[in-house]
1. Can you work out which of the residues in the range 138-187 that are among the acidic types (D, E) and assigned to a strand (DSSP E or B) is farthest from M91 (Cα to Cα)?
2. Check every one of the helices (runs of 4 or more DSSP H) wholly within the range 1-120 and list those with 3 or more residues that are at pLDDT below 95 and on the phi < 0 side of the Ramachandran plot.
3. Would you be able to tell me the number of residues in the range 383-418 that are assigned to a loop (DSSP other than H, G, I, E, B), in contact with a Lys or Arg (Cβ under 6 Å, 6 or more places away or on another chain) and buried (at least 24 other Cβ atoms within 10 Å of the Cβ)?
4. Considering the range 51-86 alone, what residues qualify as being surrounded by fewer than 20 Cβ atoms within 10 Å (Cβ to Cβ) and closer than 23 Å to V434 by Cβ?
5. Taking the range 121-137, which residues are surrounded by 22 or more Cβ atoms within 10 Å (Cβ to Cβ) and outside any loop (DSSP other than H, G, I, E, B)?
6. Inside the range 488-523, can you point out the residues that are basic (K, R), in contact with a Lys or Arg (Cβ under 9 Å, 6 or more places away or on another chain) and crowded, with 22+ Cβ neighbours inside 10 Å?
7. Pairs needed: first member in the range 344-357, acidic (D, E) and buried (at least 24 other Cβ atoms within 10 Å of the Cβ); second member anywhere, assigned to a loop (DSSP other than H, G, I, E, B) and at pLDDT 90 or above; C-beta distance under 9 Å; at least 6 residues apart or different chains.
8. Can you pull out every residue in the range 435-485 that is in contact with a Ser or Thr (Cβ under 6 Å, 6 or more places away or on another chain), within 13 Å of R497 (Cα to Cα) and among the acidic types (D, E)?
Amino acid sequence: MRPTLPPLVAALGILAAACGGGAPASPAVAEPPPPGRATASVSVDASRPLGVLSSRLFGANIDFNWNANGMLREDGKVFPQVLSALQALGMPNLRAPGGSSADTYDWKKGVGPGRHGYGAEYGFGTPEFLALLDSLGAEGLMIANFGTGTPELMAGWMRDIAKSSRRVTTWEIGNEIYGEWEKGHTDAADYAKRFASYASAARAADPKAKLALVLAPTMKGGGQDYEGWNETVLPAAGGLADVASVHVYSPWHDFFKGASRDTSVALMAAPEFWEAEIAKIRAALATTEGASGKPLELWITEWNAQHGDDHDWKQRSVTAEQMVFAADMIRVFAEQGVVVAQYYNLFGPYWGLFDRQGATDDLRSMLRLRFPPKRRPEDFRLVVRPAAHLFDLYRPLREGTRIATSVEGPSFSSRKYGSVPPQSAAPALTALAVRETRGATSIVLVNRSLETTLETSVRLAAKPDSRAELLVMGGAPLDANNEDASRTLSPRPAAVRREGDQWKLELPPASVARLRVGPPDGGGLVLP
């Protein structure tokens, strides 16, 4: 049972999504909480393992254009502040060279001497990407140019890379070919036919490489409807591929043209939609035998919040509400058996996990003048976005064992907005519990309510001398961000108390928390 909050509060947008099953904890208070507060409970069943929380869910995209959005110095080296942060996080995989720019990318311009310097369009190319993969010990996915390229162009690139590196394991044939905005856009039947030509060239160039087939999400509303694409592409080309590539964006509506609070409500409710959508895609893949004789793996090769195409760089996609959405999508990916997830994107003004201070103005100037303003390397200041801190919060949980949880708390309904359908009873609190490889148990708690503090009781059996640490991000205005390097949104210690096998804590509105119980080692944060 999930009690519904008062109608006025629900109308303002208290959201939710829950997971698991099991006995709920006893209520902590005898009387209803005051307005703006509610009770919730989480029960963790350590006897029910659910599988490993894979490190491969914490990958990212990197755009080669314009020195990788300013990540590369004029001498062709990645700024050391960026490299140190990526090494500390342990980025497991990177996808390149786009986004959509991949479908116009000529790899031959991104190799050889004379490419580096101020405003260099091809300064970050194949050698720089392979060097970055080596420095991170990471796996690479390359996107073949389906828009202006040919199977032969892709095959040459594959042979060139294979001569010096085995880091690039997978090749995706095109980016969002189902979309009218994409260079090379075509219908599903034509894509499947041409995929066969690319697959033949790829197998000849590098037989060990995996091939990724572009599938479309179901995104009715927000101007997008791709129904029928997967039903055509999978039977025709699925047997030639190893991986199915899907992109996840919500709410896919132009926030900057007449948006209301429904935007935030839809974003918080979006994981409910994606949970069902990913399950549907996985069911289709389970009956599709790939090139290896096994079902295609599901990779989410791009994901983030997306509010439309009006690029106001400091709005909504790097903020508190985006962080809450991202935290819960990681739970969805883990529970739905996604093999790889790659955040869009690694570095840059729009969506990047990281940016450099002042880069917003740099990019606007670049778009206006066709090249970025000149800045000295010593002026570089790293901006750590909320989602990067979120990856840091999850870092100790990677490769640990997910364990069962049940959640009880308030729920609400949301209206259809953009591509997110209406939700009638989405829970405000979600939880993902993991037994870490070092022995501690961590629970990531996401309060998707926009106004309500959740007085939360977590039932978790532990030794009498077990230590507990609570780190919380959020509780700030929904548009709060770290663009001035203020660290407004970064993990901060919060109070937690023990009552028997229950741990009592408070979750501010629109917040993410990590409760860690057990040995103190291994749970520290690595980002500044």
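1. That would be E172.
2. Helices (runs of 4 or more DSSP H) meeting the threshold: 7-12.
3. Looking only at that region, the number is 0.
4. Within the range 51-86, G51, V52, S54, S55, R56 meet the criteria.
5. Passing the criteria: T126, E128, F129, L132.
6. Within the range 488-523, R516 is the sole residue that qualifies.
7. Sorted first by the residue in the range 344-357, then by its partner, the pairs are D355/R385.
8. E455, the sole residue that qualifies.
The values are calculated or read from the model by the stated rules, or taken from the named source; none is laboratory data. Small disclaimer: the values here were computed from a predicted structure and weren't measured. Cβ atoms come from the backbone with ideal geometry, glycine included; neighbour counts cover every protein chain shown.
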